[in-house]
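Trainee: This is the structure I want to talk about, given as structure tokens.
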Amino acid sequence: MRSPRLLAAVLLVVAFCLVSSASAEWTGKESTWNGYTRFDFTVDSRPAYVVVPKKAAEGNPWVWRARFPGFHAEADLLLLERGFHVAHIDTNDMLGSPRAMGHWDKFYDYMTDKGLSPKVALEGVSRGGLFVYGWAARHPDRVACIYADTPVCDFKSWPGGKGNGVGSAGSWQRLLEEYGFTEEQALAYDKNPIDNLAPIAAAKIPLMHIVSLNDVVVPPTENTFILAERYRKLGGTMEIIEVEEGTEKSQGHHFTHPDPKRVADFIESHAAKK
């Protein structure tokens, strides 16, 4: 007969394994998103949510979506099937500012306290690029990889419109207010994603972008292509998926995603526990 102490030790190990591999216990308003359970709650006074896989992959990997979290969600659905959680916190009009980064820090703490992986895959759409690169430069040790979709990599391009892009006067004024900048200070700012790549490269964080070659909202020549050249010079690795034409209605900024599986495979290869 096994001793009570040995049996207790075995049960403790089994319980620990079950807890560490299981999905967290989530609270909040429960709903359904594309066949998966979603929980809405508040973190640091901001609306937030998580979509939970039917069975969490080992290590509880997760994707953290920045702005426009429902756009081009095909890869997220593939990742949910593979056991990833998909999460978002609403810092919508903050344009990657220090205030937004403070909320992001609190959200990361909340999610990892729930048992999700300490290394997260970041996804940023359009102006979401300002968030994911700002936070990755701030915490490179917490980022597994970055995937960005037509991302803003220099706010002088968008919303500033100081290059060949159309810009957005209203969003530019919002950015100046959010950062507390004069126009001169904004134009001299040296922490845009294209300028702040050294900590990300030093951490060897792999990058993937998708861009549209006729995008005049966030022109890749002023954003992704500059970032890629600088990142590779720093020794970083980066893939770019190029789409020939975005829609006329979106001024080239939107398009049907050509290869969600490639994106899901990229994220899984870097963010899932091996």
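Trainee: Excluding ligands, DNA and RNA, what is the solvent-accessible area per residue of the range 137-274 at a probe of 1.4 Å, expressed in Å²?
Mentor: It amounts to 47 Å² per residue over the range 137-274.
Trainee: To continue, here is another question. Too long at a 26 Å Cα-Cα cut-off: which of 54/114; 29/54; 29/106; 29/261?
Mentor: Cα-Cα > 26 Å for 29/261; rest within.
Trainee: Something else: For the range 183-255, which GluC sites (Glu not before Pro) are both in a DSSP coil and crowded by at most 11 other Cβ atoms within 10 Å?
Mentor: Sites meeting the loop and neighbour criteria: 244, 245, 248.
Trainee: Let me ask another. Gain in length, residue 105 to residue 190, computed as 0.36 nm per residue apart minus the alpha-carbon separation, to one decimal in nm?
Mentor: 28.4 nm
Trainee: Additional query: List the trypsin sites (Lys or Arg not before Pro) in the range 206-251 that DSSP assigns to loop (not H, G, I, E or B) and whose Cβ has at most 15 other Cβ atoms within 10 Å. Which are they?
Mentor: Hits after loop and neighbour filter: 249.
Trainee: Report the full-extension gain for the segment residue 40 to residue 273: residue separation times 0.36 nm, less the Cα-Cα distance, to one decimal in nm.
Mentor: Value of the extension gain: 81.2 nm.
Trainee: Put a dot 7 Å past each Cα toward the Cβ at residue 198 and residue 32; how far apart are the dots in nm?
Mentor: Computed distance between label sites residue 32 and residue 198 equals 5.2 nm.
Trainee: Calculate, in nm to one decimal, what residue 81 and residue 244 gain on full extension: separation in residues at 0.36 nm each, minus their alpha carbon distance.
Mentor: Going from the current span to full extension adds 55.7 nm.
Trainee: Restrict the search to the range 23-57; then list the trypsin sites (Lys or Arg not before Pro) that DSSP places in a loop and that have at most 12 other Cβ atoms within 10 Å of their Cβ.
Mentor: 54, 55
Trainee: Taking a ≥ b ≥ c as the square roots of the Cα gyration tensor eigenvalues, with a/c under 1.5 meaning rounded and otherwise prolate when a/b beats b/c, else oblate, which class fits the range 163-274?
Mentor: Verdict is oblate for the range 163-274.
Trainee: While we're looking at this one, here's another question. Please report the equivalent ellipsoid semi-axes of the chain, computed as sqrt(5 x eigenvalue) of the Cα gyration tensor, largest first, in whole Å.
Mentor: Largest first, the chain gives 36, 19, 18 Å.
Trainee: With all protein chains present, how much of the accessible area of the chain (probe radius 1.4 Å) comes from carbon and sulfur, to the nearest whole percent?
Mentor: 53
Trainee: Also: At a Cα cut-off below 26 Å, give the lysines reachable from residue 162, other chains included and same-chain residues fewer than 8 away excluded.
Mentor: 191, 233, 249
Trainee: Using Cα positions and a limit of under 19 Å, work out the aspartates and glutamates in reach of residue 156, with same-chain residues fewer than 8 apart set aside.
Mentor: 93, 177, 178, 183, 184, 190, 195, 215, 222, 229
The values are calculated or read from the model by the stated rules, or taken from the named source; none is laboratory data. The model shown is predicted, which means the values in this text are computed figures rather than measured ones. Reconstructed Cβ throughout: ideal geometry from the backbone, glycine too, with neighbour counts over all protein chains shown. Accessible surface areas use protein heavy atoms only, side chains included; no ligands, DNA or RNA. Shrake-Rupley method; radii C 1.70, N 1.55, O 1.52, S 1.80 Å.
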